[in-house]
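Below you'll find the structure, written out as structure tokens, and then a few comments.
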Amino acid sequence: MIKRTAKAVWKGDLKAGKGKIKLGSGAFEGKYSFTSRFEDGVGTNPEELIGAAHAGCFSMALSSDLSKAGYVVDKINTEAIVSMDKKEGGFEITGIKLVTKAKVQDIEMEEFAKFASGAKENCPVSKALKAVDTHLEAHLLK
């Protein structure tokens, strides 16, 4: 079983407090605050990190599926747009939009779209986020 870790420390109350998030690998450490999460303040936030995880997982799954089918993948660039809205009872993540742009040799858009859809459904992060409405926009670059 593979295990990955991340840590968060929060000091203070919600509005004036500050925190740090650190990946167990040490590859990233960042500050977060009320303003970086709910406004346009400096720092990261949990939703941005979920988006990074989803974009990374999707891109790797798509590359794997295409490669297994014999296609040569030059590049996959995926952006995850995570939407959060205030609902009754608090905030919730209401949707994720994956926008992927890929350069893959000798593949038609219809075939590429099938692989992209499969990666969206089957990457481990997508599976973990099944409760969130996720849309995919796939583009094949020439």
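The values are calculated or read from the model by the stated rules, or taken from the named source; none is laboratory data. Here the structure is a predicted model, which means the values were calculated and not measured. A quick note on method: Cβ atoms are made from the backbone with ideal geometry, for glycine too, and the neighbour counts reach across all protein chains shown. SASA here: full protein model, heavy atoms, side chains in, ligands and nucleic acids out. Shrake-Rupley method; radii C 1.70, N 1.55, O 1.52, S 1.80 Å.
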Checklist entry - When DSSP beta bridges are limited to those with both residues in the chain, what percentage is antiparallel, rounded to the nearest 5? => result 75
Checklist entry - Hey, with R₀ at 22 Å, roughly what FRET efficiency would Asp40 and Lys130 work out to, going by the Cβ-Cβ distance, to 0.05? => result 0.15
Checklist outcome for this item: Surrounding charge for Ala61, neighbours by C-beta under 12 angstrom, Lys/Arg +1, Asp/Glu -1, total +1
Item to check | For the chain: relative contact order, % (alpha-carbon pairs under 8 angstrom, 6 or more apart) | outcome: 18
Next on the checklist: Let me check I've understood the local charge: for Asp74, count other residues with C-beta under 12 angstrom from its C-beta, Lys and Arg +1, Asp and Glu -1. What total comes out?
Outcome noted: +3
Checklist entry - Near Lys20, which aspartates and glutamates are there with a Cα under 13 Å away, not counting those fewer than 8 places off in the same chain? => result Glu29
Next on the checklist: For the pair Ser117/Glu137, report the inter-label distance in nm, with labels modelled 7 Å from Cα in the Cβ direction.
Outcome noted: 1.9
Next on the checklist: Using only the Cα atoms of the range 55-94, what are the Rg and Dmax in Å?
Outcome noted: 16.1, 49
Checklist entry - Along the three principal axes, how long is the range 26-70 when you take its alpha carbons, biggest first, rounded to the nearest angstrom? => result 46, 23, 11
Checklist outcome for this item: Answer check: the chain, Cα atoms, Kirkwood Rh, Rg/Rh ratio of 1.04
Checklist outcome for this item: Answer in debye to the nearest 20: the dipole magnitude of the chain about its Cα centre, from +1 Lys/Arg and -1 Asp/Glu charges placed on Cβ, is 740
Checklist entry - Between their Cα atoms, which of Lys68/Lys97; Lys3/Lys127; Lys68/Lys127; Lys18/Lys97 are more than 24 Å away from each other? => result Lys68/Lys97; Lys18/Lys97
Item to check | Dipole of the range 12-65, positive end: most advanced residue of Ser25, Ser63, Gly51 [Cβ charges, Cα centre] | outcome: Ser25
Checklist entry - His139: accessible area at probe 1.4 Å, nearest 10 Å²? => result 70
Checklist entry - With the dipole of the chain worked out from charges on the C-beta (+1 for Lys and Arg, -1 for Asp and Glu) around the Cα centre, which of Ser126, Phe112, Thr5 lies farthest toward the positive end? => result Thr5
